[in-house]
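Colleague: Shown below is the structure under consideration.
All of the numbers you see were taken from the coordinates with simple rules; none came from a lab. Since the structure is predicted, the reported quantities are computational estimates derived from the model, not experimental observations. When we count neighbours, we look across all protein chains shown, and the Cβ atoms used for this are built from the backbone with ideal geometry, even at glycine.
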Amino acid sequence: MATFESSLLETLRGKIGNFIIYKVKQQYRIRTAPTEYRDANTPEQQANRNRLTACVRFYQRLRETPLRDAWRTAADKAAASSGYSLYLKTNMGVFLPDGTISDFSRLTLCPASGLKTADNIIATRNTDGTVTLTWKNHAGKQSPRNTDRLAVAYLNENRSFTIRFVNPLPVCRDDERATFTTENTPGIATHLYCYFISREGDAYTPDTYIKLND
């Protein structure tokens with residue numbers, strides 16, 4: 001590669017024969033053009049594109065839900081360029097080339113943005129079909145964290161790109177217990193993602209994943 005200061009190359013920028021002339025800041029540079037063509041459609045590249053397509057398709061569903069605000073908040077706190085870019089970085093490896101989710105436990109629906117989650121979160125399916133969620137709150141009786149609100153999103157395995165939410169729960173971190181219903185199909189697993197939101201709505205805990213077998 002050669003470099004030049006002269007602006008005479010301004011009119012020559014681009015590909016000329018086997019050379020490429022380009023500008024970096026105030027320098028004009030010349031390098032040889034690549035002599036070999038690399039196939040951009042190898043099986044591995046096709047698989048990666050398919051993973052990206054599936055990941056983006058899931059985000060298109062997610063951004064229509066309240067979780068879009070959670071990703072924006074997390075991006076601001078992490079100095080990421082956007083909630084979308086943070087989502088891709090976090091979840092890209094979770095999707096398979098066939099467009100499905102490889103491991104629901106690795107999928108993040110709600111990223112951390114300033115709050116610590118509760119301890120020992122456990123979900124149990126009751127005989128009447130309801131779900132009881134319990135956890136341990138070690139924030140302390142006078143902690144402002146006691147008013148963090150519980151939220152639950154979930155995916156049913158037969159419709160894994162449909163993000164559902166439990167109806168707004170009048171439950172706070174200090175309650176340590178909640179009972180609710182989910183839409184489910186007999187014989188189909190339900191994947192819960194449980195998290196807490198600050199009373200002001202400006203901070204979230206990372207979601208806790210729990211699989212419920214019907």
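Colleague: Separation between the residue 177 and residue 68 pseudo-spin-labels, each 7 Å from Cα along Cα→Cβ, expressed in nm?
Modeller: 3.8
Colleague: What whole-number distance in Å separates the alpha-carbon centres of region 103-158 and region 46-91?
Modeller: A separation of 21 Å, based on Cα centres.
Colleague: Okay, next question. Quick check: pseudo-label points 7 Å beyond the Cα along Cα→Cβ at residue 41 and residue 105, how many nm apart are they?
Modeller: Distance between the two pseudo-spin positions: 4.0 nm.
Colleague: By the gyration tensor of its Cα atoms, with a ≥ b ≥ c the square roots of the eigenvalues, what is the shape of region 43-212: rounded for a/c under 1.5, prolate for a/b over b/c, or oblate?
Modeller: oblate
Colleague: Test of understanding: extend the Cα→C-beta vector of residue 53 to 7 Å, then name every residue of region 96-120 with backbone N under 11 Å from that spot.
Modeller: 97-99
Colleague: Oh, and also: Would you mind computing, in nm to one decimal, how far apart the modelled labels at residue 124 and residue 96 are, each placed 7 Å from Cα along Cα→Cβ?
Modeller: Spacing of the two 7 Å Cα→Cβ label points: 3.3 nm.
Colleague: Apply the Karplus parameterisation 6.51 cos²θ - 1.76 cosθ + 1.60, with θ equal to phi minus 60°, to every residue of region 64-80 and state each ³J(HN,Hα) to the nearest whole Hz, in sequence, with x for glycine and proline.
Modeller: 3J(HN,Hα) across region 64-80, in whole Hz: 8, 10, x, 5, 4, 5, 5, 5, 4, 5, 5, 5, 4, 6, 9, 6, 7.
Colleague: Within the set of other residues whose C-beta is less than 11 Å from the C-beta of residue 80, count the net charge using Lys and Arg as +1 and Asp and Glu as -1.
Modeller: Net charge in that neighbourhood comes out at +2.
Colleague: Put +1 on the Cβ of each Lys and Arg and -1 on the Cβ of each Asp and Glu in region 130-192; which of 142, 160, 180 then has its Cα farthest toward the positive end of the dipole?
Modeller: 142
Colleague: Where does the charge balance sit around residue 104 when Lys and Arg score +1, Asp and Glu -1, over other residues with C-beta under 9 Å from its C-beta?
Modeller: 0
Colleague: Further, regarding this structure: Report ³J(HN,Hα) in whole Hz for each residue of region 184-197, in order, from the Karplus equation J = 6.51 cos²θ - 1.76 cosθ + 1.60 where θ = phi - 60°; Gly and Pro get x.
Modeller: 8, 10, x, x, 10, 5, 10, 10, 8, 10, 9, 8, 10, 10
Colleague: To continue, here is another question. When ranked by the protection proxy of mean other Cβ atoms within 10 Å per residue, highest first, what sequence do the peptides 198-209, 96-107 form?
Modeller: In descending order of packing, they fall as 198-209, 96-107.
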